[in-house]
Each structure stands twice: as C-alpha cells, then as structure tokens.
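Q: Got a structure for you, questions after.
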Ligand SMILES: [Zn+2]
Ligand SMILES: [Zn+2]
C-alpha cells in the first residue's frame with residue numbers, strides 16, 4: 001500500500017480529532033495542572049490500542065503512549081497547556097473574555113496535542129499493516145513557563161528514540177529551521193528586618209531595597225552581555241502595601257536567556273552574583289531557587305527535508321471564501337507593531353529569495369502556501385525559547401509550522417484563543433498531522449535516512465554539553481512559584 005493511503009486513518013477520524021481539540025480548548029489548563037487535558041488525550045490513545053504510561057519522569061501530567069514493537073522508534077510530541085488570563089470567546093472577532101480572569105489557549109497547544117495524536121494514529125495504521133517499528137506519542141505538559149520536556153528529558157523519556165517530530169500552530173506553513181534561546185528561570189527571594197520606617201528606620205533592613213538594587217545591577221549588566229541574550233523579571237512580592245514599614249520580604253522571578261545553554265548558564269551565574277551583591281549592600285539574606293531551565297534547539301536538516309517533502313506531498317488545505325473573509329477580519333484587528341507579518345518578524349532569518357517570495361504574497365488573506373525550505377541556515381537563533389530544544393539534545397528532532405491562524409495574528413493573544421476552534425485552525429491541525437505522519441512513515445521505511453539524521457545530530461553536538469535541570473528541582477505549577 002502506498003504510504004499516503006495510511007493518512008486515511010486521519011480523514012476517517014477527523015471529526016473525533018477536532019472534537020478532542022475543542023474539548024481541550026475548553027479546559028484551558030495551565031502548566032502542570034493539565035489533568036483533564038492529559039486524560040482526554042491519553043484516554044483517546046488507549047481506546048485506539050496504544051499502551052499508555054502515565055505520570056512519567058516524575059511529572060504528574062506527562063505521559064507516553066506507544067504502539068508497535070522494535071525499531072525504528074519514532075516519537076511524536078504533543079502539548080496541551082494554556083496561558084493564564086487569556087480567556088476569550090471563540091469565534092468573536094473582538095477582545096471579549098469568556099470568563100474574565102480565566103486562562104485560555106493563547107498558543108494553540110490544544111491543536112498541537114490533538115494534531116500530534118492524529119499523526120500517531122496514521123502511523124499506527126501503517127504499523128498494523130505488518131511494518132516493524134514503534135510510534136510513541138509523548139504527552140508533554142507545561143511548555144509555557146514550565147519546560148515540561150526538560151523534566152522529561154532529565155528522566156530519560158527521549159533517550160531511546162531514533163528521532164522525534166513535532167509541530168506548532170502558526171500563521172504560516174513552513175519547516176522550522178531556526179534554533180531557539182536556552183533559558184534559566186530563577187526565583188530570587190530577599191529577607192530583611194521590618195521596622196517602623198519613620199520611628200526607627202535604623203533598625204530595619206529592607207528586602208525591597210535589595211531587590212531594587214538587584215534589578216538596577218542587572219540593568220547595568222545588559223551592556224556587557226551577548227547581543228542575543230535576554231533578561232526579564234517579574235516582581236512577585238514587593239513586601240506589602242505600607243510605605244511606613246521597612247519591607248522584610250521581596251521576591252522576583254528572573255528569566256535569563258541566551259543562544260546556547262552554556263551561555264545562558266553563565267549569564268545565570270552572573271545575575272546570581274548581582275543578587276548576592278545586593279544582599280551584601282543591604283545586610284539582607286538572599287535565597288535563589290532554580291524553577292526550570294531549557295536548552296537551545298539543535299536543528300536537523302535531514303529530518304527537516306523529509307518533513308518539507310511530506311508537507312508538499314500532502315498539500316496545503318483549500319479554503320472557502322468565508323474562511324478567507326474571517327481570516328481577513330482577524331488580521332484587521334492586529335495591533336500596529338505587535339501584529340507584524342511573518343516576513344517582518346523573520347526578515348533577519350530568511351534568505352533573500354524567501355524574503356522576496358513572501359513579499360510577493362503580502363496581503364494574502366490566508367497564507368495558503370508553503371514557505372520554501374532553506375538549505376542554507378542563517379545561523380540566527382529565534383527570539384523565543386521552546387523545550388523542544390531539550391528533546392533535540394536527546395535525539396534528532398525537527399518541527400513544522402502550519403497555518404492555523406490569520407496572517408499577523410500576534411503570539412499569545414486573544415486572537416489566537418478566538419480562532420482556536422475555527423475551521424481554519426482544524427484544517428491547519430489536520431494538515432500538520434498528515435505531514436508529520438507521512439514523514440514518520442518514510443523515516444520508518446528508509447532507515448538510511450534515519451542514519452543520516454543521527455550522523456548529523458552527532459556532528460552538531462560534538463564538543464557541546466547538555467545542562468540538565470538538577471535532580472532536586474521539581475516541576476511546579478504557576479500558583480506554586482512563591
Ligand atoms: Zn507560547
Ligand atoms: Zn506554544
């Protein structure tokens with residue numbers, strides 16, 4: 001049977017898959033609290049005959065579902081966590097919360113998890129036909145601010161794979177070719193001595209002073225760090241509401257990023273020295289707690305080319321006039337600046353031919369084309385981070401984007417939540433599922449390709465060292481970071 005025929009397994013179950021995605025959109029559970037979302041996906045895989053292992057690697061909502069036996073062993077990664085504060089009514093083309101203050105799927109991970117599941121179902125159909133190999137669906141929680149995959153990598157989840165593939169919802173259809181920034185997220189807590197701020201200020205030692213000095217020190221550090229490095233902080237405890245009390249407690253969560261995990265680690269050590277200095281200056285005590293870290297993405301051209309070919313062979317979905325009109329309505333809501341077009345965002349990352357290719361298509365109501373694959377990678381890390389990076393240190397890994405949202409839809413926005421259950425989102429998800437499944441089957445058929453991918457992976461990692469999250473650090477839900 002021709003490999004493409006196994007994609008019928010996705011067509012025949014597309015209603016079930018879209019329903020599953022919509023269901024998870026409704027749960028909108030944030031990092032490491034995704035019990036209902038993980039269960040919905042795991043239950044579906046179990047019904048389909050997959051062997052499901054729950055709460056793997058010490059992460060409650062992480063799971064692995066496998067089908068088949070022996071090698072090759074190919075992993076397909078699925079996510080399902082949402083973002084806090086992004087509740088939004090589906091299909092409403094203006095900002096309007098469904099439940100004010102609640103969370104929402106502002107990164108499309110409900111589609112991500114369900115689309116990857118659909119891909120696994122098609123590979124299962126292929127394996128059932130007597131082909132050797134194992135497909136493993138990884139339920140990866142806590143991507144947003146949690147780096148769930150880094151905890152799973154630490155637990156050895158991906159070490160025995162021949163390769164891993166995944167996707168992310170987007171405004172475009174393209175193979176992801178950029179690296180991503182490694183990061184460390186750290187909670188710095190200062191403890192001082194409270195006192196009457198007017199009556200006996202000499203008795204007090206201000207934790208808030210320490211925190212402010214730390215932030216000032218870090219802002220001076222910016223001049224002396226790598227161009228691509230980024231440091232951001234959120235003050236999570238300013239000590240209280242009373243200016244007439246010397247604050248004895250102050251805390252900030254720092255997110256420290258750099259192109260390579262070693263560089264990010266070094267910067268993290270420098271920021272920690274500033275925190276120590278601030279404590280020394282103010283005679284307060286400082287405690288630092290690593291919340292999580294994630295590694296930069298190691299790209300793999302062999303896998304990328306297989307995925308690109310598969311995307312072309314499956315072909316982009318076709319759209320109705322109504323879908324084009326709806327997409328245009330969403331694009332019109334994109335704020336100036338935040339709603340940059342793909343080519344504006346990617347200007348420094350694309351070869352001139354592709355910049356031209358995209359310019360010619362500027363104004364498309366839906367990006368209903370595939371961005372040509374670039375053989376030559378401009379060595380520019382993207383500006384974001386993803387814990388897919390950690391998987392890419394464990395085995396050859398690649399990912400694609402498909403168009404699930406209107407052009408210029410900003411990341412982590414109400415527009416994404418609003419479009420999350422649209423027919424365009426569903427089409428993009430099923431397209432990604434088919435492309436990933438076809439690529440996985442081709443890699444299972446042609447083990448020489450897998451060998452080449454592994455060779456490239458070994459070459460890329462030569463001389464580089466992975467920095468895992470220390471064993472004592474446990475995954476924590478947002479509400480537990482105090
Ligand atoms: Zn995100
Ligand atoms: Zn995301």
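Q: Could you go through region 432-446 and let me know if any residue there is in contact (Cβ under 8 Å) with a residue 24 or more places away in the chain, more than 16 Å from ligand 2 (Cβ to nearest atom), surrounded by fewer than 19 Cβ atoms within 10 Å (Cβ to Cβ) and part of a helix (DSSP H, G or I).
A: The answer is yes, given that some residue of region 432-446 is in contact (Cβ under 8 Å) with a residue 24 or more places away in the chain, more than 16 Å from ligand 2 (Cβ to nearest atom), surrounded by fewer than 19 Cβ atoms within 10 Å (Cβ to Cβ) and part of a helix (DSSP H, G or I).
Q: Scan region 147-168 for residues that are in a loop (DSSP other than H, G, I, E, B) and within 16 Å of ligand 2 (Cβ to nearest atom) and report the count.
A: Within region 147-168, the subset in a loop (DSSP other than H, G, I, E, B) is 147, 155-162.
After this cut, where a residue has to be within 16 Å of ligand 2 (Cβ to nearest atom) as well, the list is 147.
So the answer is 1.
Q: Within region 409-423, restricting attention to residues that are closer than 15 Å to residue 324 by Cβ and crowded, with 22+ Cβ neighbours inside 10 Å, which residue is modelled with the lowest pLDDT? Step through it out loud before you land on a result.
A: Filtering region 409-423 down to residues closer than 15 Å to residue 324 by Cβ leaves 409, 419, 422-423.
Checking the rest, the ones that are also crowded, with 22+ Cβ neighbours inside 10 Å come to 409, 419.
Details: 409: 94, 419: 98.
The selected residue is 409.
Q: If I go through region 310-366 residue by residue, how many of them are closer than 24 Å to residue 414 by Cα and at pLDDT 85 or above?
A: Within region 310-366, the first condition is being closer than 24 Å to residue 414 by Cα, and the residues that meet it are 319-346, 362-366.
Keeping just the survivors that are at pLDDT 85 or above gives 319-334, 362-366.
The qualifying residues number 21.
Q: May I pose another question? So, of the residues in region 64-81 that are over 15 Å from residue 146 (Cβ atoms) and not in a strand (DSSP E or B), which turns out to be nearest to the chain's Cα centre (by Cα)?
A: The residue in question is 72.
Q: Ok, one more. Out of all the residues in region 238-257, which are without any contact (Cβ under 8 Å) to a residue 60 or more places away in the chain and either closer than 14 Å to residue 198 by Cβ or assigned to a strand (DSSP E or B) (or both)? Lay out the reasoning, then the answer.
A: Initial filter on region 238-257 (without any contact (Cβ under 8 Å) to a residue 60 or more places away in the chain): 238-248.
Listed by number, the residues that qualify are 242, 243, 244, 245, 246.
Q: Here is a further query. So which helices (runs of 4 or more DSSP H) stay within region 344-423 end to end and still have 2 or more residues that are within 23 Å of residue 294 (Cα to Cα) and either within 16 Å of ligand 1 (Cβ to nearest atom) or in contact with a strand residue (DSSP E or B) (Cβ under 8 Å, 6 or more places away or on another chain) (or both)? Please lay out each step first, then the result.
A: Details: elements: 352-360, 388-394, 414-419.
Answer list for region 344-423: 388-394.
Q: Which ones in region 82-103 are within 14 Å of ligand 2 (Cβ to nearest atom) and out of contact with any strand residue (DSSP E or B) (no Cβ under 6 Å at 6 or more places or on another chain)?
A: Scanning region 82-103 gives a single hit, 83.
Q: Which of the residues spanning region 386-432 are within 21 Å of residue 182 (Cβ to Cβ) and out of contact with any helix residue (DSSP H, G or I) (no Cβ under 9 Å at 6 or more places or on another chain)?
A: Answer for region 386-432, where residues must be within 21 Å of residue 182 (Cβ to Cβ) and out of contact with any helix residue (DSSP H, G or I) (no Cβ under 9 Å at 6 or more places or on another chain): 411, 412.
Table: residues versus (1) within 12 Å of ligand 2 (Cβ to nearest atom); (2) within 13 Å of residue 67 (Cα to Cα); (3) surrounded by fewer than 24 Cβ atoms within 10 Å (Cβ to Cβ).
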| site | (1), (2), (3) |
| --- | --- |
| 105 | yes, no, no |
| 111 | yes, no, no |
| 115 | no, no, no |
| 121 | no, yes, no |
| 124 | no, yes, yes |
| 131 | no, yes, yes |
| 135 | no, yes, no |
| 139 | no, no, no |
| 145 | yes, no, yes |
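Q: Assess whether residue 370 counts as being assigned by TED's automatic domain parsing to the domain that holds residue 172 and more than 24 Å from residue 307 (Cα to Cα).
A: Details: assigned by TED's automatic domain parsing to the domain that holds residue 172: yes; more than 24 Å from residue 307 (Cα to Cα): no.
Answer is no for this residue.
Q: Check residue 171 against each of (1) more than 16 Å from ligand 2 (Cβ to nearest atom); (2) within 23 Å of residue 419 (Cα to Cα); (3) surrounded by 24 or more Cβ atoms within 10 Å (Cβ to Cβ) and name the one condition it does not meet.
A: Just one mismatch for residue 171, condition (1).
The values are calculated or read from the model by the stated rules, or taken from the named source; none is laboratory data. Here the structure is a predicted model, which is why all the values come from computation and not from measurement. Reconstructed Cβ throughout: ideal geometry from the backbone, glycine too, with neighbour counts over all protein chains shown.
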